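The values are calculated or read from the model by the stated rules, or taken from the named source; none is laboratory data. Note that the coordinates shown come from a computational prediction; the quantities given were computed from them, not determined experimentally. Positions of Cβ are backbone-derived with ideal geometry, glycine not excepted, and every protein chain shown enters the neighbour counts. Please note that ligands, DNA and RNA were not included when accessible areas were found on the heavy atoms of the full protein model with its side chains. Shrake-Rupley method; radii C 1.70, N 1.55, O 1.52, S 1.80 Å.
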Amino acid sequence: MLEIYNALTKKKEKFHSIHPGKINMYVCGPTVYDHCHLGHGRGYVSMDIIRKYLEYLGYEVRFIMNYTDVGHLVNDAEQGEDKIQKKAQAEKIDPLAVVQKYIQSCQEDFTALNIKPATFNPRPTSYIAQIIKFIEELIIKGIAYEVNGSVYFSVEKFPEYGKLSGRKTKDLVAGSRIDINSEKTNPLDFALWIKASQGHILKWDSPWSLGYPGWHIECSVMSCDLLGQDTFDIHGGGNENIFPHNENEIAQSEAYLEKKMANYWTLWNMVNVNGVKMSKSLGNFTTIKDSLKKYDPAVIRLWILSSQYRNPINYTSKSLEQAQSNLNRLKKWLENLAAKRENNQSDDIKESFSLIMENYQEKFQKAMDDDFNTPLALAIVYKLITVTNKSLTEGKLKKTQVEAILSFWEKINKVLGLKINYISTSLSLKNNLFPSAIIDLAEQRKKFKKNKKFTKADKIREEIIKAGYKIKDTQNDNYLLSK
């Protein structure tokens, strides 16, 4: 049975969905003022793995990930410049043009990394009316108060404040990441609505002032709107946002709903560069786009999968090279199996082998049931590669056995999400994936190689490459073409 480490309770818990067969999941999305870096890539690939494994188990997942397009101020503060507005001024374009530019950039990165699109991608600027209504209700409940056009949440009115981060209000003092603001009743109180300064571009009318929403209120409002006025199953995000962002989300939502916000909190850990968190503020980040110039998207995804999502992961050339090596190993294994499947005669699969594959399936699921343990799941795949490669070399694998192995891979790769092309040329020919002229050249080369006329075979290989295709030899004198 699936067990998830719940950041709220600080322990692994057996997973039970609120509604049978259905899961509501909300993930804090990026603030869209720049290109995504590999820290984002690690986080959202991790959430994608969780989602896809839940779907593998048969759940219907309603997956919400927002784009923050207003209210996230520089240094996560409550006073100062909005990150979107600052970028707009630097690029001398409209703030909403900045947002659209970097949403598109984010979507390109997610597509490259094979991250499944969210069910919905809400944006705070489309929720201003709902945000105002939400804040009004908190004021009516006596949990929020207005001062000089800004509205603050009263932390002392929410006794459970700090339950996610483990911080106690009596121990918290104004300081790191908490603004000292004389307007507040308590220095820990946080802004729900901020009165805009004269030069602030992103602002709206409200009952209190011409202003804009605080960063934290946005996720509470959007999750309530899209997942219902009730507790939902899973809240995902980065563990660097536990305090104050996620903590404030819980306070707002639970004060409003008068019930738990989410049952399980799955929070990913950071990417480190030389032992230091990768972040834009520190300037030590590598964008996903830059990394994609060096590595295949599947290499980056496999690198992310090599570490359990709750553990930090190191970004080094060595770690990416290892991921490349592992991907090459996977690809060669799949290509050889595909070639074997095409060339072998049909046969009756033995029951014992069927049971062996079921055992691998069970081991994979057991690994993933342990809080989505992708390194252990990959280790099971690598063990299967070792075993089947030995059988392939010895010529012991039959066609139906090969098909069973490939079927296992197709099932688990719906979770892993690694785009690996291993379709053999004969199958590609059947489906008209390559021009007949290229197939003819490849077949000529195959004959030359079989007759040991290697010079002529090499010349044809050069022709194929010049035409924009790649050709790779596999077992049994077969070959694989790719674009």
Using a 1.4 angstrom probe with every protein chain in place, what is the largest-first accessible-area order of THR388, THR400? THR400, THR388
What is the chain's relative contact order, in percent, from Cα pairs under 8 angstrom and six or more apart in sequence? 17
Inter-site label distance for THR316 and LEU406 at 7 Å from Cα along Cβ, in nm: 3.8
Just going by the charge dipole of the chain, with Lys and Arg at +1 and Asp and Glu at -1 on Cβ, which of ASN326, ASN311, THR231 is farthest out on the positive end? ASN326
How large is ³J(HN,Hα), in whole Hz, for each residue of region 238-245 in order, when computed from phi with the Karplus curve 6.51 cos²θ - 1.76 cosθ + 1.60 and θ = phi - 60°, using x for Gly and Pro? x, 5, 6, 9, 4, 10, x, 4
Taking the Cα atoms only, what angle lies between the long axis of helix 215-227 and the longest principal axis of the chain, rounded to 10 degrees? 60
Through the Karplus equation 6.51 cos²θ - 1.76 cosθ + 1.60, θ set to phi - 60°, convert the phi angles of region 439-448 into ³J(HN,Hα) values in whole Hz; use x for Gly and Pro. 4, 4, 4, 4, 5, 4, 4, 4, 5, 4
Among (i) 27.4; (ii) 26.2; (iii) 25.3, the entry that matches Kirkwood radius over Cα pairs in Å as calculated here: (iii)
Rounded to the nearest 10, the angle in degrees between the Cα long axis of helix 128-140 and the longest principal axis of the Cα atoms of the chain comes to 50
Heavy-atom surface of the chain, accessible at 1.4 Å and reported per residue (Å²): 46
Given charges at beta-carbon only (K, R positive; D, E negative), |dipole| of region 1-150 in Debye: 540
Can you list residues from other chains, or at least 5 along the same chain, whose modelled amide H is less than 5 Å from the amide H of LEU8? TRP265
Between their Cα atoms, which of LYS340/LYS419; LYS116/LYS411; LYS446/LYS470; LYS260/LYS363; LYS141/LYS260; LYS331/LYS366 are more than 26 Å away from each other? LYS260/LYS363
Region 39-162: C-alpha gyration tensor shape, a/c 1.5 cut-off, then a/b vs b/c: oblate
Classify region 124-237 as rounded, prolate or oblate from the Cα gyration tensor: take a ≥ b ≥ c as the square roots of its eigenvalues, call it rounded if a/c is under 1.5, otherwise prolate when a/b beats b/c and oblate if not. oblate
Sorted list, accessible surface of protein heavy atoms, 1.4 Å probe, largest first, for TRP333, TRP208 is TRP208, TRP333
Can you list residues whose amide H is under 5 Å from ALA144's amide H, if they're 5+ apart or on another chain and H is modeled 1.01 Å from N? ILE139, SER154
Mind checking which aspartates and glutamates have their Cα closer than 13 Å to the Cα of LYS168? Skip sequence neighbours fewer than 8 apart in that chain. GLU156, GLU160, GLU247
Applying the Karplus parametrisation 6.51 cos²θ - 1.76 cosθ + 1.60 with θ = phi - 60° to the phi angles of region 262-268, what ³J(HN,Hα) value in whole Hz is obtained for each residue in order, glycine and proline being reported as x? 9, 7, 10, 10, 10, 10, 7
Under a 1.4 angstrom probe, counting protein chains only, how are SER281, SER391, SER126 ranked by accessible area, largest first? SER281, SER126, SER391
Cross-link candidates for LYS466: which aspartates and glutamates have Cα within less than 13 Å, leaving aside residues fewer than 8 places away along the same chain? ASP458
Cα atoms only, region 247-334: Rg and Dmax in Å? 17.9, 55
Gain in span if fully extended, LYS470 to GLN100, counting 0.36 nm per residue against the direct Cα distance: 129.5 nm
Roughly what % antiparallel, to the nearest 5, for the DSSP beta bridges in the chain? 55
Specify which residue in the list ILE139, GLN79, SER46 is farthest towards the positive end of the charge dipole of region 1-153, using unit charges on the beta carbon of Lys, Arg (+1) and Asp, Glu (-1), about the Cα centre. SER46
Could you list which residues have their amide H under 5 Å from that of PHE232, counting only those 5 or more apart in sequence or on another chain, with H placed in the peptide plane? ALA262, ASN263
Check: region 139-252 dipole with +1 on Lys, Arg Cβ and -1 on Asp, Glu Cβ, in debye: 340
Quantify, in whole percent, the carbon and sulfur part of the accessible surface of the chain (1.4 Å probe; protein heavy atoms only). 49
Rounded to the nearest 500, what is the 222 nm mean residue ellipticity of the chain from helices alone, with -39500 (n - 2.57) per DSSP H run of 4+ residues and division by all residues? -14500 deg cm²/dmol
Total charge dipole magnitude, the chain, about the Cα centre, Cβ charges on Lys, Arg, Asp, Glu only, Debye to nearest 20: 2740
Measure nothing fancy, just the Cα-based angle from helix 317-343's long axis to the longest principal axis of the chain, in degrees from 0 to 90, nearest 10. 40
